[in-house]
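Worksheet: one structure, shown below.
Read-outs: derived from the displayed coordinates by stated rules, not from any lab. In this text, all values refer to a predicted model and were calculated from it rather than measured experimentally. When we count neighbours, we look across all protein chains shown, and the Cβ atoms used for this are built from the backbone with ideal geometry, even at glycine.
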Amino acid sequence: MPTMGRLIGAILFGALAWYASMLIVWLFPVDAPMGWFQEINTICGLVAGWKIAGPRAGTGYVAAFSYGLTALVTMVFMALFFNSLGMMIKRSLRKLYDGPGEAVTDVLALFIEHGAMILTPEILTTLLIGGFAGRLITEFFGRRFS
């Protein structure tokens, strides 16, 4: 059921994912095709805000820290997984894998590679501060308007 907490959580975590994606794009090589990178990440932020942060809004500011951190970590893991999966599908369509097992293991390798790439102070600070602000604002709107 749509609530104000769900709506605000989806908007805030989607915006955080979009902004962090803009920062992450600069970490890739100049000639790397980005495709739907920012759109996939934004959708992951929208889903995490709607499904994780939104329903728990209104339970208190102490609980906001836990569900906000959960939404943030879920958003990052979903974005890493779906971007790695998309890259694996592109590579498999170019027939770069010998079999399906190699393709599946490459998803994990890409997940770890991209995860290590975003472990910069700028990205981590943006995610933590944005997640902190997002969970507090979601909690505020969840308490007041739901």
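Answer yes or no: is there a residue in region 63-81 that is more than 23 Å from Gly142 (Cα to Cα), part of a loop (DSSP other than H, G, I, E, B) and free of Cβ contacts under 8 Å to residues at least 24 places away in the same chain. No: region 63-81 contains no residue that is more than 23 Å from Gly142 (Cα to Cα), part of a loop (DSSP other than H, G, I, E, B) and free of Cβ contacts under 8 Å to residues at least 24 places away in the same chain. Among the residues here, Gly58 does not qualify as more than 21 Å from the chain's Cα centre (by Cα) and surrounded by fewer than 14 Cβ atoms within 10 Å (Cβ to Cβ).
Of Gly58, Gly9, all but one fail to be in contact (Cβ under 8 Å) with a residue 40 or more places away in the chain, in a helix (DSSP H, G or I), under 19 Å from Phe145 (Cβ atoms) and not acidic (Asp, Glu); the exception is Gly9. Determine if region 92-111 includes at least one residue that is assigned to a helix (DSSP H, G or I) and touching an Asp or Glu at 6+ places or on another chain (Cβ under 9 Å). Yes, region 92-111 contains at least one residue that is assigned to a helix (DSSP H, G or I) and touching an Asp or Glu at 6+ places or on another chain (Cβ under 9 Å). Reported count of residues in region 12-52, each being outside any loop (DSSP other than H, G, I, E, B), out of contact with any Lys or Arg (no Cβ under 6 Å at 6 or more places or on another chain) and not polar (S, T, N, Q), is 25.
Inside region 1-33, residues that are of a type in the set (D, E, K, R) and under 21 Å from Phe77 (Cβ atoms) make up a count of 1.
Are any of the residues in region 87-96 aliphatic (A, V, I, L, M), closer than 14 Å to His114 by Cα, within 21 Å of the chain's Cα centre (by Cα) and buried (at least 17 other Cβ atoms within 10 Å of the Cβ)? Yes, region 87-96 has at least one match.
Listed by first and then second residue, the pairs with beta-carbon distance under 6 Å, at least 6 apart or on different chains, first residue in region 118-133 and within 11 Å of Leu72 (Cβ to Cβ), second in a helix (DSSP H, G or I) and not hydrophobic (A, V, I, L, M, F, W, C), are Gly131/Gly68.
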